[in-house]
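Here is the structure we will look at, set down as C-alpha coordinates.
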Amino acid sequence: MLLIHCPYCEKDLPETEFHGEGEAHIERPTNMADISDEAFEKFFFIRENQKGVLFERWRHLHGCGRFFNAVRHSVSDKFIKTYKARQEKPKLTKKEIDAVLPPAKSTPANEPIYADAVKGKK
Ligand SMILES: [Zn+2]
(Lines give C-alpha, C1' and ligand atoms only; values in the text may rest on other atoms or scores of the structure.)
Protein backbone atom coordinates (compact mmCIF):
# COMPACT_ATOMS: atom_id res chain seq x y z
CA MET A 1 0.00 0.00 0.00
CA LEU A 2 1.25 3.45 -0.89
CA LEU A 3 1.81 5.64 2.14
CA ILE A 4 1.67 9.42 1.84
CA HIS A 5 3.13 11.76 4.42
CA CYS A 6 0.74 14.49 5.55
CA PRO A 7 2.90 17.50 6.50
CA TYR A 8 0.21 18.74 8.89
CA CYS A 9 -0.56 15.49 10.71
CA GLU A 10 3.15 14.54 10.56
CA LYS A 11 2.24 10.93 9.75
CA ASP A 12 2.63 8.46 6.87
CA LEU A 13 -0.90 7.35 6.08
CA PRO A 14 -2.61 5.11 3.48
CA GLU A 15 -3.21 6.68 0.08
CA THR A 16 -6.95 6.04 0.44
CA GLU A 17 -7.07 8.96 2.88
CA PHE A 18 -5.83 11.38 0.23
CA HIS A 19 -7.02 12.90 -3.02
CA GLY A 20 -4.83 14.31 -5.76
CA GLU A 21 -5.88 17.80 -6.82
CA GLY A 22 -3.70 18.39 -9.88
CA GLU A 23 -0.62 20.45 -10.51
CA ALA A 24 0.66 22.67 -7.70
CA HIS A 25 1.86 26.25 -7.86
CA ILE A 26 -0.71 27.44 -10.42
CA GLU A 27 -1.12 31.16 -9.85
CA ARG A 28 -4.61 32.56 -10.33
CA PRO A 29 -4.50 35.82 -12.29
CA THR A 30 -5.53 38.76 -10.15
CA ASN A 31 -7.20 40.46 -13.13
CA MET A 32 -9.24 37.49 -14.36
CA ALA A 33 -11.86 39.60 -16.16
CA ASP A 34 -9.20 41.41 -18.17
CA ILE A 35 -7.01 38.54 -19.35
CA SER A 36 -7.15 37.19 -22.90
CA ASP A 37 -8.90 33.97 -23.81
CA GLU A 38 -5.48 32.40 -24.40
CA ALA A 39 -4.23 33.43 -20.96
CA PHE A 40 -7.44 32.11 -19.38
CA GLU A 41 -7.08 28.81 -21.23
CA LYS A 42 -3.48 28.53 -20.04
CA PHE A 43 -4.45 29.21 -16.43
CA PHE A 44 -7.50 26.97 -16.41
CA PHE A 45 -6.57 23.99 -18.59
CA ILE A 46 -2.94 23.80 -19.60
CA ARG A 47 -0.76 21.75 -17.28
CA GLU A 48 2.77 20.46 -17.66
CA ASN A 49 1.73 16.87 -16.95
CA GLN A 50 5.23 15.79 -17.76
CA LYS A 51 6.82 12.42 -17.47
CA GLY A 52 9.11 12.55 -14.47
CA VAL A 53 9.15 14.78 -11.41
CA LEU A 54 5.86 16.60 -10.77
CA PHE A 55 4.81 19.17 -8.20
CA GLU A 56 1.24 18.36 -7.20
CA ARG A 57 -1.46 19.59 -4.90
CA TRP A 58 -2.99 16.98 -2.61
CA ARG A 59 -5.64 17.00 0.08
CA HIS A 60 -5.80 14.87 3.21
CA LEU A 61 -9.47 14.37 2.52
CA HIS A 62 -10.21 11.70 5.14
CA GLY A 63 -7.96 13.17 7.81
CA CYS A 64 -7.19 16.76 8.66
CA GLY A 65 -8.81 17.93 5.40
CA ARG A 66 -5.96 20.30 4.58
CA PHE A 67 -4.33 20.91 1.22
CA PHE A 68 -0.61 20.40 0.82
CA ASN A 69 1.90 19.93 -1.98
CA ALA A 70 3.88 16.90 -2.97
CA VAL A 71 6.75 16.08 -5.28
CA ARG A 72 6.16 12.79 -7.05
CA HIS A 73 7.72 10.89 -9.93
CA SER A 74 4.97 10.22 -12.47
CA VAL A 75 6.51 7.02 -13.81
CA SER A 76 7.46 5.26 -10.58
CA ASP A 77 4.52 6.83 -8.67
CA LYS A 78 6.85 7.38 -5.72
CA PHE A 79 6.70 10.49 -3.58
CA ILE A 80 9.93 12.39 -3.02
CA LYS A 81 8.53 14.69 -0.35
CA THR A 82 5.46 16.58 0.78
CA TYR A 83 5.30 20.12 2.10
CA LYS A 84 2.75 22.55 3.40
CA ALA A 85 0.63 24.65 1.07
CA ARG A 86 2.01 28.10 0.23
CA GLN A 87 5.59 26.94 0.73
CA GLU A 88 7.91 27.36 -2.24
CA LYS A 89 8.91 24.43 -4.43
CA PRO A 90 11.64 22.56 -2.60
CA LYS A 91 15.00 22.24 -4.25
CA LEU A 92 15.68 18.58 -4.92
CA THR A 93 18.97 16.80 -4.79
CA LYS A 94 20.06 14.27 -7.39
CA LYS A 95 20.10 11.66 -4.63
CA GLU A 96 16.43 12.35 -3.80
CA ILE A 97 15.40 12.04 -7.45
CA ASP A 98 17.52 8.95 -8.10
CA ALA A 99 15.87 7.25 -5.12
CA VAL A 100 12.44 7.32 -6.83
CA LEU A 101 13.39 6.56 -10.41
CA PRO A 102 11.54 3.65 -11.98
CA PRO A 103 13.43 0.40 -12.38
CA ALA A 104 15.68 0.14 -15.40
CA LYS A 105 13.86 -0.51 -18.66
CA SER A 106 12.66 -4.00 -19.26
CA THR A 107 15.06 -6.88 -19.13
CA PRO A 108 15.79 -8.92 -22.25
CA ALA A 109 13.54 -11.65 -20.84
CA ASN A 110 10.38 -9.54 -21.00
CA GLU A 111 11.28 -7.23 -23.86
CA PRO A 112 9.52 -9.34 -26.55
CA ILE A 113 6.27 -9.37 -24.54
CA TYR A 114 6.25 -5.59 -24.43
CA ALA A 115 7.16 -5.34 -28.10
CA ASP A 116 4.34 -7.71 -29.04
CA ALA A 117 1.84 -5.76 -26.94
CA VAL A 118 2.79 -2.54 -28.71
CA LYS A 119 2.38 -4.15 -32.11
CA GLY A 120 -1.02 -5.54 -31.16
CA LYS A 121 0.04 -9.18 -31.21
CA LYS A 122 -1.20 -11.68 -28.66
ZN1 LIG B 1 -3.41 15.56 7.57
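Only one of Phe68, Phe18, Phe43 is in contact with a Pro (Cβ under 7 Å, 6 or more places away or on another chain) and within 13 Å of the ligand (Cβ to nearest atom). Can you tell me which?
Step by step, each of Phe68, Phe18, Phe43 is checked, and only Phe68 is in contact with a Pro (Cβ under 7 Å, 6 or more places away or on another chain) and within 13 Å of the ligand (Cβ to nearest atom).
Examine segment 37-52 for a residue that is of a type in the set (Lys, Arg) and surrounded by 14 or more Cβ atoms within 10 Å (Cβ to Cβ), and state whether such a residue exists.
There is at least one residue in segment 37-52 that is of a type in the set (Lys, Arg) and surrounded by 14 or more Cβ atoms within 10 Å (Cβ to Cβ).
Select, from Glu17, Glu38, the only residue that is in contact with a Gly (Cβ under 6 Å, 6 or more places away or on another chain) and more than 18 Å from Val71 (Cβ to Cβ).
Glu17
Does segment 1-24 hold any residues that are closer than 14 Å to Arg72 by Cα, open to solvent by 40 Å² or more (accessible area, probe 1.4 Å) and assigned to a loop (DSSP other than H, G, I, E, B), and which are they?
Passing the criteria: only Leu2.
Looking at segment 56-81, which of the residues that are in contact (Cβ under 8 Å) with a residue 60 or more places away in the chain and more than 16 Å from Glu17 (Cα to Cα) is surrounded by the most Cβ atoms within 10 Å (Cβ to Cβ)?
Out of the qualifying residues, it is Lys81.
Out of the residues in segment 25-36 meeting the condition of being open to solvent by 100 Å² or more (accessible area, probe 1.4 Å) and part of a loop (DSSP other than H, G, I, E, B), tell me which one is farthest from the ligand (Cβ to nearest atom).
Per the stated criteria, the residue is Thr30.
The values are calculated or read from the model by the stated rules, or taken from the named source; none is laboratory data. Keep in mind that this is a model prediction, so the values were computed, not measured. With ideal geometry, Cβ positions are generated from the backbone for all residues, glycine too; neighbour counts draw on all protein chains shown. Accessible surface is based on the protein model in full, side chains and every heavy atom, while ligands, DNA and RNA are left aside. Shrake-Rupley method; radii C 1.70, N 1.55, O 1.52, S 1.80 Å.
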